[in-house]
Amino acid sequence: MLRHAIAAVIMLGTTGTAWGATLKVGANESYKMPSEAIARAHDGDTIQIEPGSYIDCAVVKQNNLTIEGVGANVVMTDKPCRGKALLVTNGNNITIRNLTLQRVRVPDQNGAGIRGQGGNLTIENSRFLDNEDGILIAKNPKATVRIIGSEFVGNGKCGKDCAHGIYAGQIAVLDVERSRFFDTHAGHSIKSRAARTVVLNCDIEDGPNGTSSYQIDIPNGGNALLEGNKLEKGPHAQNYATAIAIGEGGVRNASESLLIKNNTLINDTGHDTTFVRNVTATPAQLSGNVFQGGKVIPLAGDGSVR
């Protein structure tokens, strides 16, 4: 019995739970920088970061790790790791919440707040400000990426290639919910090559100065559910002709369902704008969508409008 009791204490760690230790970061904590705590963490641990501005970056190799800000104004800024991002995630089942990630610049002009290179990744209640890419997700056909309640302002850039608010490579699922995109520069607010793309209850607006191309780009097809979103194409939109594009990059993903319902598009471009341009052979099903401002063509390509 004693042996089992000792084993249980070891499993509980310093938090009193079976999920690992809590490592704290802050001016008065054991770790002064997020990267110091992340370097010492093990699978299943939690990193808690106190408010402050940290000129710092980290490569996250652990699995089942949580990195969270405690309180408001927990900021990582200005210092990308490996020429990629403030946080480069290589592990699986990583959760990041309550952080502000900002002002990333790298030589190839696609520096990101977060560069996801591992397995499943969840991002909650975080802000991405003035980066080349807000979030960049590398190819992993088994990965699911969920982005919930987050904000993307002033991201995007087109140099040799374009960077975006969110760019997801060939993954299983990109799920973006209750998030805000504003003042995206040159690229798309959301670009997804995922086999399934879900965008729910998001606010995706150019505003008076944004120069984005598409609000949502699904270049390789796949299944999609776009519901309850507010989209606005502004007067300086780089591509005023289309809000949502599906398949224009060459269809690679099998598609069974393209459902676009109960969204609002505001056309402030001063030009005619197409709401959905579908280049795939899968019929897009549009229902309950509302159009305001200038003229909007609901659908170009296969599909139906109700």
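Go through region 230-273 and give me each residue that's modelled with pLDDT of 95 or more and charged (D, E, K, R).
LYS230, GLU232, LYS233, GLU248, ARG252, LYS261, ASP268, ASP272
Just name the residue that is farthest from the chain's Cα centre (by Cα) out of those in region 246-267 that are outside any loop (DSSP other than H, G, I, E, B) and of a type in the set (A, V, I, L, M, F, W, C).
Of the residues in region 246-267, the ones outside any loop (DSSP other than H, G, I, E, B) are 246, 253, 258-261, 264-267.
Retained after the next criterion (residues that are of a type in the set (A, V, I, L, M, F, W, C)): 246, 258-260, 265-266.
Details: ILE246: 18, LEU258: 21, LEU259: 21, ILE260: 20, LEU265: 21, ILE266: 23 Å.
So, considering only residues that are outside any loop (DSSP other than H, G, I, E, B) and of a type in the set (A, V, I, L, M, F, W, C), the one farthest from the chain's Cα centre (by Cα) is ILE266.
Here's the yes/no breakdown for (1) surrounded by fewer than 16 Cβ atoms within 10 Å (Cβ to Cβ); (2) of a type in the set (Asp, Glu); (3) assigned to a loop (DSSP other than H, G, I, E, B); (4) within 20 Å of the chain's Cα centre (by Cα):
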position: THR211; (1), (2), (3), (4): no, no, yes, yes
position: TYR214; (1), (2), (3), (4): no, no, yes, yes
position: ASP217; (1), (2), (3), (4): no, yes, no, yes
position: ALA224; (1), (2), (3), (4): no, no, no, yes
position: ILE244; (1), (2), (3), (4): no, no, no, yes
position: THR269; (1), (2), (3), (4): no, no, yes, no
position: ARG277; (1), (2), (3), (4): no, no, no, no
position: THR280; (1), (2), (3), (4): no, no, yes, no
position: GLN292; (1), (2), (3), (4): yes, no, no, no
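When the residues of region 127-162 are filtered to those that are more than 10 Å from the chain's Cα centre (by Cα) and of a type in the set (Gly, Ala, Ser), which remaining residue is farthest from ALA186 (Cα to Cα)?
Looking at the filtered set, the residue picked out is ALA143.
Sort out which residues of region 165-179 are open to solvent by 10 Å² or more (accessible area, probe 1.4 Å), touching a Leu at 6+ places or on another chain (Cβ under 9 Å) and not in a strand (DSSP E or B), and write them in order of number.
ARG178
Suppose we filter region 180-209 for residues that are of a type in the set (Ser, Thr, Tyr) and either outside any strand (DSSP E or B) or open to solvent by 40 Å² or more (accessible area, probe 1.4 Å) (or both); how many remain?
2
Suppose we keep only residues that are charged (D, E, K, R) and outside any loop (DSSP other than H, G, I, E, B) within region 101-130. Which one would you say is farthest from VAL173 (Cα to Cα)?
ARG127
I need the full set of residues from region 112-149 which are touching a Ser or Thr at 6+ places or on another chain (Cβ under 6 Å), closer than 13 Å to GLN102 by Cβ and surrounded by 22 or more Cβ atoms within 10 Å (Cβ to Cβ), in order please.
Within region 112-149, just SER126 meets the criteria.
The values are calculated or read from the model by the stated rules, or taken from the named source; none is laboratory data. Quick caveat: nothing in here was measured; it's all calculated off a predicted structure. Reconstructed Cβ throughout: ideal geometry from the backbone, glycine too, with neighbour counts over all protein chains shown. Accessible surface areas use protein heavy atoms only, side chains included; no ligands, DNA or RNA. Shrake-Rupley method; radii C 1.70, N 1.55, O 1.52, S 1.80 Å.
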